[in-house]
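The values are calculated or read from the model by the stated rules, or taken from the named source; none is laboratory data. Just so we're clear, the structure is a prediction, and the values are computed from it rather than from any experiment. Glycine also receives a Cβ, built like all others from the backbone with ideal geometry; neighbour counts cover every protein chain displayed. Accessible surface areas use protein heavy atoms only, side chains included; no ligands, DNA or RNA. Shrake-Rupley method; radii C 1.70, N 1.55, O 1.52, S 1.80 Å.
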Amino acid sequence: MQEIQPTITQRDIICAEIAAPPTAMVVFGASGDLTRRKLLVSLFELFKRGLLNERFYLLGCGRKELSDEKFRQIAQQAIQEESGDTSAKAIEPFIKKLCYISGDYNDTAFHKDIRIKLDELDKKHKVDGCRIFYLAVPPFLYGTIIEHLGSAGLSCPVETDSKQCIRLVVEKPFGRDLQSAVELDKKIHKCFDESQIYRIDHYLGKETVQNILMFRFANTIYEPLWNRNYIDNVQITIAEMIGVEHRASYYDKAGALRDMFQNHMLQMLALVAMEPPISFEADHIRDEKVKLLRSIRPFKPDELDDFIVRGQYGPGSIDGGQIAGYLDEPGVNPGSGTETFVAARLFIDNWRWKGVPFYLRTGKRLARKDTEIAITFKQVPHSMFISAGLDEIPSNILVLQIQPEEGISLQFQAKRPGSKICMGTLNMNFNYRSVFGVDMPEAYQRLLLDCMIGDQTLFNRQDGVEVAWRLLMPVLQAWQNNEASPYEYSAGSSSFPQADSLIESDGRKWRKLGEA
Ligand code: BG6
């Protein structure tokens, strides 16, 4: 397939970024992996870009005993590891804004100490604006910490007419099924109002995922085609090469359905298929996403295998290296039936999408890292080139490439130079990096900044979380009750026969990983 590069006109691009107000960020789980790998470096990048307020500080809370000095050293090392060759000197002014307090999350006294410390730090850093509590802890601690925040009087401004705003950031997973999600929500709502709650799905912070909205609703040419009359099928893929890494204790209890499908996959589906919201306001967008998720055809327990299948990686090889099977990963229960791959065929029962299949797949330890949404248009109704043997003309395919190479490509047919009827498939390709000349910012930068600003657009609302769990409940129940293990696929492969037949029974094929 030949590539052609479009010229991008950069006229009228509106890029104003709002800087954060004075903010105190309180991170629970400050000595943990998420803080080290994502939060500190993202905050540092915001600082470098001048988007963090001068009057900002971060109070790390954790069970591990650490002095402020030690926490700063760890933070400096983490930032240097994650952000390449940044010098210690460049990090220093940011590092000075960090401090640490240790204690037991179950202990009321710890939360009182946090409160005293915050009052002291607010004065020192002259922060009177926004206070954010970030739960970067294992989910079983969410309830405890939230209750303590409530009883220590930390979940609402001290004075009712205060300008101070208090926010809570909750990392996924929000519960492990519908019931636990509802229970968690009840606990949170005892202390926090919905307008204070920021439920993170980091996929929504990815530039290319945000671009789905711009692409669909800032152009007129796609919308008339974006429906059952012109679209044959949509494929959404999140393929990873990594395995469970050091997260087996969490992952083995979660599996791909809870870890990726309930959130990242369904969120991308919602963005690609929802109706145009009336504005870019958080609730207008979230209303449309929820409406779309509600119109996904429910799974019927007796027909499950025709619509959703699960796999688990066995031993194999990736890039020439031998890879252990899931059951041999450290920390995984040797008899585990946890899925590391899910493939599904969904239908959206509404006016726009009736009858159009949406094929979704996600898996770990696959041949390539590849996250994309591929929209395949219907074939031409009749080939006028049949006399030249061109009775099957390939479909146009629009690919929104999310990772690893962010971009958009459109495949179409065109005449090739040469004989009179000589046709080929061309790929019109727009690559973010080569056009804008920048690396995509880490999703957490966007989300942390939005939270400080008070913009909930890229965060999930509780009804969206619940509707996604409700959809998956029959699957979770059936898989839990089913003795049969997930199908095995070799590490380094792309699929397995049962996942293939889900789409092949409709006369279609999965796209090759990395095909765009
Ligand atoms: C996380 C999952 O939410 O997303 C991980 O818990 C997964 O299992 C990760 O590896 C994938 O994110 P990304 O941004 O690397 O595609």
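Summary of values
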{"quantity": "Degrees, to the nearest 10: 68-82 long Cα axis against longest axis of the chain", "calculated": "20 degrees"}
{"quantity": "Portion, in percent, of the accessible area of region 345-439 that falls on carbon or sulfur, probe 1.4 Å", "calculated": "60 percent"}
{"quantity": "Residue-level accessible surface for ASP302, protein heavy atoms, 1.4 Å, Å²", "calculated": "130 Å²"}
{"quantity": "Student exercise, region 163-239 dipole from Lys, Arg, Asp, Glu Cβ charges, in Debye to nearest 20", "calculated": "260 debye"}
{"quantity": "Theoretical FRET efficiency, 1/(1+(r/R0)^6), r = Cβ-Cβ of ILE453 and LYS512, R0 35 Å, to 0.05", "calculated": "0.30"}
{"quantity": "Charge tally in the Cβ shell below 14 Å around LEU52, where Lys, Arg are +1 and Asp, Glu are -1, LEU52 excluded", "calculated": "+2"}
{"quantity": "Projected label distance in nm at ILE393 and GLN73, using a 7 Å step from Cα toward the beta-carbon", "calculated": "6.9 nm"}
{"quantity": "Normalised per residue, the volume of the convex hull around the Cα set of region 381-516 (Å³)", "calculated": "237 Å³"}
{"quantity": "Where labels lie 7 Å past Cα in the beta-carbon direction, separation of ILE18 and GLN179 in nm", "calculated": "4.1 nm"}
{"quantity": "Protein-only accessible surface order, largest first, of SER419, SER180 at 1.4 Å", "calculated": "SER419, SER180"}
{"quantity": "Portion, in percent, of the accessible area of region 196-254 that falls on carbon or sulfur, probe 1.4 Å", "calculated": "55 percent"}
{"quantity": "Accessible surface of region 468-516 [probe 1.4 Å, protein heavy atoms]: carbon and sulfur percent", "calculated": "43 percent"}
{"quantity": "Sequence-separation-based contact order of the chain, relative, with Cα cut under 8 Å and 6+ spacing, percent", "calculated": "18 percent"}
{"quantity": "Surface accessible to a 1.4 Å probe, per residue, for the residues of the chain, Å²", "calculated": "46 Å²"}
{"quantity": "Antiparallel content of DSSP bridges confined to the chain, in %, to 5", "calculated": "50 percent"}
{"quantity": "Under the Karplus curve 6.51 cos²θ - 1.76 cosθ + 1.60, θ = phi - 60°, whole-Hz ³J(HN,Hα) for region 366-383, x wherever Gly or Pro sits", "calculated": "9, 5, 9, 8, 7, 10, 7, 10, 10, 9, 9, 7, 5, 6, 4, x, 8, 8"}
{"quantity": "Cα gyration tensor category, rounded, prolate or oblate, for the chain with a/c compared to 1.5", "calculated": "prolate"}
{"quantity": "SER434/VAL380 FRET efficiency (R0 45 Å; Cβ-Cβ; nearest 0.05)", "calculated": "0.90"}
{"quantity": "Neighbour-limited loop hits for GluC sites (Glu not before Pro), region 432-494 (at most 16 other Cβ within 10 Å; DSSP other than H, G, I, E, B)", "calculated": "GLU483"}
{"quantity": "Partners for LYS509 among lysines (Cα-Cα distance below 27 Å; same-chain residues under 8 apart left out)", "calculated": "LYS300, LYS354, LYS364, LYS369, LYS378, LYS415"}
{"quantity": "Student exercise, the chain dipole from Lys, Arg, Asp, Glu Cβ charges, in Debye to nearest 20", "calculated": "600 debye"}
{"quantity": "Expected-Rg normalisation [2.2 N^0.38 Å, Cα atoms] applied to region 241-282", "calculated": "1.65"}
{"quantity": "Helix-only CD estimate at 222 nm, as mean residue ellipticity for the chain, using -39500 (n - 2.57) per DSSP H run (n ≥ 4)", "calculated": "-9500 deg cm²/dmol"}
{"quantity": "Extension reserve of the ASP305-LYS96 stretch, reckoned as 0.36 nm per residue once the Cα distance is removed", "calculated": "69.7 nm"}
{"quantity": "Efficiency of FRET between ALA218 and ARG297 - r from beta-carbon atoms, R0 30 angstrom, step 0.05", "calculated": "0.50"}
{"quantity": "11 Å reach of a label modelled at ILE421, 7 Å along Cα-to-Cβ, counting backbone N of region 391-406", "calculated": "391-392"}
{"quantity": "Separation between Cα centres of region 403-427 and region 464-516, rounded to whole Å", "calculated": "31 Å"}
{"quantity": "Cα-centre dipole for region 213-337 with unit charges at Cβ (Lys and Arg positive, Asp and Glu negative), debye to 20", "calculated": "320 debye"}
{"quantity": "Helix axis angle, 282-294 relative to the chain longest principal axis, alpha carbon, degrees", "calculated": "50 degrees"}
{"quantity": "Length added when fully stretched, ARG470-LYS117, from 0.36 nm per residue minus Cα-Cα", "calculated": "123.0 nm"}
{"quantity": "Dipole of the chain [Lys/Arg +1, Asp/Glu -1 at C-beta], most positive-end residue of PRO486, ASN233, ASN396", "calculated": "ASN396"}
{"quantity": "Radius 9 Å from Cβ of ALA282, net charge of other residues (Lys, Arg +1; Asp, Glu -1)", "calculated": "-1"}
{"quantity": "C-alpha long axis of helix 207-217 to longest principal axis of the chain, angle in °", "calculated": "60 degrees"}
